[in-house]
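Here the structure is laid out as C-alpha cells; the discussion comes afterwards.
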Amino acid sequence: MSAFILSCALGKEIVIVEGLENSLSELKAIGRNLNQLTVLCNMGKLQAVELAEIKQQFGVLVESITGLKAG
C-alpha cells in the first residue's frame, strides 16, 4: 500500500490545507450521529428520522471547508 501511495504522489504537487482538523472533527461527529440513528432504525426503535439538523450541520461544514485556503 505504501509503495502505491508513494508512486501516486511522486511528481505531483502536494497541497496542505490548514484548518482541516476542526472540519474533520465535525464530520466525524455527524457520521457518529447518522450511525446511531441507523442502528436505532434497524433495531425498530425509530420509525421516522428527522434529518434537518444533520443536513444543516453538514451544509455549514461544507461551507467552512470550501472557505479554507491551501497553505
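The values are calculated or read from the model by the stated rules, or taken from the named source; none is laboratory data. Everything quoted here is computed from the prediction, not taken from an experiment. Here the Cβ positions follow ideal geometry from the backbone for every residue, glycine too, while neighbour counts run over all protein chains shown.
Can you tell me which residue in the stretch 58-71 is surrounded by the most Cβ atoms within 10 Å (Cβ to Cβ), limited to those that are touching a residue at least 12 places away in the same chain (Cβ under 8 Å) and not in a helix (DSSP H, G or I)?
Filtering first and then ranking leaves Leu68.
Among Ile65, Ile54, which is modelled with pLDDT under 85 and over 11 Å from the mean Cα position of the chain (by Cα)?
Working: Ile65 fails: over 11 Å from the mean Cα position of the chain (by Cα).
Of Ile65, Ile54, the one residue that is modelled with pLDDT under 85 and over 11 Å from the mean Cα position of the chain (by Cα) is Ile54.
Can you say whether Lys55 is assigned to a helix (DSSP H, G or I) and basic (Lys, Arg), as far as the supplied structure shows? Can you show your working first?
Numbers: assigned to a helix (DSSP H, G or I): yes; basic (Lys, Arg): yes.
In short, yes.
Sort out which residues of the stretch 37-71 are closer than 26 Å to Ile14 by Cα and of a type outside the set (Val, Ile, Thr), and write them in order of number.
Leu61, Glu63, Ser64, Gly67, Leu68, Lys69, Ala70, Gly71
List pairs: first in the stretch 20-40 and without any contact (Cβ under 8 Å) to a residue 24 or more places away in the chain, second surrounded by 11 or more Cβ atoms within 10 Å (Cβ to Cβ) and part of a helix (DSSP H, G or I), Cβ under 7 Å, 6+ apart or cross-chain?
Asn33/Ile54; Leu34/Ile54
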